[in-house]
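Inspection log for the structure reproduced underneath, given as structure tokens.
The values are calculated or read from the model by the stated rules, or taken from the named source; none is laboratory data. Treat the numbers as computed from the prediction; the structure is a model and nothing was measured. Positions of Cβ are backbone-derived with ideal geometry, glycine not excepted, and every protein chain shown enters the neighbour counts. For the accessible areas, the whole protein counts, side chains as well, though only heavy atoms, and no ligand, DNA or RNA atoms are used. Shrake-Rupley method; radii C 1.70, N 1.55, O 1.52, S 1.80 Å.
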Amino acid sequence: MCRAQLKGRWICDMEQKGLEENKMSKTQKKQKQPITACLLSAAFFGALGSSFIYGYNLSVVNAPATYIKAFYNQTWIDRYNEPVAAETVTLLWSITVSIFAIGGLCGALSVSYIIRVLGRRGTLLVNNSFAVIAALLMSLGETAKSFEMLIIGRFIIGVDSGIALSVLPMYLGEITPRHIRGSIGQFNSILICLGVFTGQVLGLPELLGQESRWNYLFAFLAFPAVLQLCVLPFLPESPRYLLMERRDEEGARRAFQKFLGKDDVSEELEEVHAEARAQETLQAVSVFQLMKSQTVRWQLVTVVVTMASYQLCGLNALWYYTNGILLEAGFNQEIVPYITLSTGGIETLAAIISGLVIERIGRKPLLIFGFTAMAVFFSLLTVFLNFQDRVSWMPYLSYICILAVIASFCSGPGGIPFILTGELFEQASRPAAFMIAGTVNWLSNFAVGLLFPFIQETLQTFAFLVFVAVCIVASIYLYIVLPETKNKTFMDISQSFAKINQIPYPSPSHEMEMVLAIQPDEKKEAVKVESSL
């Protein structure tokens, strides 16, 4: 009996080893597959009409701020025959800046409803209409002598960004093979940084940062949206969406073939079928259902913590100090905008490097490194800010710290939270998860803009210590809770959370065994039986 048990156990171990070796060989085979032009086009043009526009709007209002306020004053005089009060100008300008985040929140809240009807690609295409409408309103506001058009346009472009930052990572995550999912997903972060940098460059006085040209800065918004409208209709919809939500297996097959550049996509289709069988339902889960579900409890907590830390880590607040530190260092007011370009350049470079190494290093190490490095450099910045009045060369160290904080942010925390939101949830839960993540993102963004001036006034140069605490807490949480998702299927990732969620979960290898065990003739026979029933 003992020998029989040992023999059975040995056979079981050998089968398991064979399954693991087979899985590894398939992974190695996939890694040799070249990235297709179709996949690269989807990533680049999808991000160009989405993430790029979001990044551009983060920086585009900085350069023409003085001219826009003058436009508000002149419009007020034309209407009421008296200059506008200083408090009213400040209020109008605050609304113009902050309403972008309110629009983003509205866009994020609407995602799960729009995406059910239009799909991933369809939502991205329709979303471009918001960008074009916003560009027209903001660029023509001066001609129409209506500052309301500018404010409404900022709200609409916020809606566009709120939808885009939820739908694009979802689309890219679903169309990309798992061995390059992180690298392709980083197109979102890279184009955000490129958008910020473009806004800084176009805002220079020699280009569009002049009193007679500032409205063209907003007209430029239509350009990336139109480019996406020209390319995206020729690219396929998400094959996972087609197969699991539309039940269109033939459409999913064609989409996989186009994205992967090969005819035999049976393995990819079977992987999606196995994921579908493992889910309790294929119907889209509501936000309320997702929040009640024990099976995704820690995935949801992880996304909320990561998204909140993405905004609360202090990068947006850092811009308040940049110009002041440069002036303290002795730089002339006229050349400060050109030196500030270095921040946008560092952002873009760090995001590109992160995209190149993410599949080797992994999501978890990059996130922990990014938040930890930010905590270190924020601490050093606090020290340097307190001594910059006493030592002449100290402001230069402060500026170096600012560049280091930006590089640390873009190395991981700047893009990976969006990738994780798509990876930690299966198909039915993904739209609701992105809706929650987007809500947390935009609420945190609004909170920083609202509260930081008061924090700065109270704590002065010690204000960044608040962000040090946020970065440390985020690093500790991610170290303890987050599993590595690199090169894992969505089922593998769900299983890695099963223990901490205290639920049983079917083994992915067992699911794949069941799929592969069914021969083609048996599949056809099973279909016939089902149809007869």
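Residues in the range 230-247 that are in a loop (DSSP other than H, G, I, E, B) and either touching an Asp or Glu at 6+ places or on another chain (Cβ under 8 Å) or modelled with pLDDT of 90 or more (or both): Leu235, Pro236, Glu237, Ser238. The listed residues are Ser398, Ser494, Ser429, Ser475, and the only one of them that is buried (at least 18 other Cβ atoms within 10 Å of the Cβ) and modelled with pLDDT of 90 or more turns out to be Ser475.
Restricting to helices (runs of 4 or more DSSP H) lying wholly in the range 293-373: which have 1 or more residues that are of a type in the set (Asp, Glu) and surrounded by 19 or more Cβ atoms within 10 Å (Cβ to Cβ)?
336-361
Reported count of residues in the range 210-229, each being out of contact with any Ser or Thr (no Cβ under 6 Å at 6 or more places or on another chain) and either open to solvent by less than 10 Å² (accessible area, probe 1.4 Å) or assigned to a helix (DSSP H, G or I) (or both), is 12. Only residues that are under 14 Å from Ile68 (Cβ atoms) and either open to solvent by less than 10 Å² (accessible area, probe 1.4 Å) or outside the structural domain of Thr75 (by the TED database) (or both) were counted in the range 135-154, giving 5.
A count restricted to the range 77-106 and to residues that are out of contact with any Leu (no Cβ under 8 Å at 6 or more places or on another chain) and crowded, with 22+ Cβ neighbours inside 10 Å stands at 3. Kindly indicate whether any position in the range 152-173 is more than 17 Å from the chain's Cα centre (by Cα) and among the aliphatic types (A, V, I, L, M). For the range 152-173, residues more than 17 Å from the chain's Cα centre (by Cα) and among the aliphatic types (A, V, I, L, M): present. On inspection, Ser183 fails the criterion of being modelled with pLDDT under 95, part of a helix (DSSP H, G or I), open to solvent by less than 10 Å² (accessible area, probe 1.4 Å) and in contact with a helix residue (DSSP H, G or I) (Cβ under 7 Å, 6 or more places away or on another chain). Regarding the range 375-392, can at least one residue be identified that is acidic (Asp, Glu), within 28 Å of Leu482 (Cα to Cα) and surrounded by fewer than 21 Cβ atoms within 10 Å (Cβ to Cβ)? No - not one qualifying residue is present in the range 375-392. In this entry, Val272 passes the filter for residues that are buried (at least 20 other Cβ atoms within 10 Å of the Cβ) and under 16 Å from Pro177 (Cβ atoms).
Consider the range 233-276 and keep the residues that are among the hydroxyl-bearing types (Ser, Thr, Tyr) and in contact (Cβ under 8 Å) with a residue 12 or more places away in the chain. The one that is nearest to Ala43 (Cα to Cα) is Ser238.
So which of Val167, Val117, Val126, Val132 ends up being crowded, with 24+ Cβ neighbours inside 10 Å, β-branched (Val, Ile, Thr) and out of contact with any Asp or Glu (no Cβ under 7 Å at 6 or more places or on another chain)?
Values: Val117 fails: crowded, with 24+ Cβ neighbours inside 10 Å; Val126 fails: crowded, with 24+ Cβ neighbours inside 10 Å; Val132 fails: crowded, with 24+ Cβ neighbours inside 10 Å.
Of Val167, Val117, Val126, Val132, the one residue that is crowded, with 24+ Cβ neighbours inside 10 Å, β-branched (Val, Ile, Thr) and out of contact with any Asp or Glu (no Cβ under 7 Å at 6 or more places or on another chain) is Val167.
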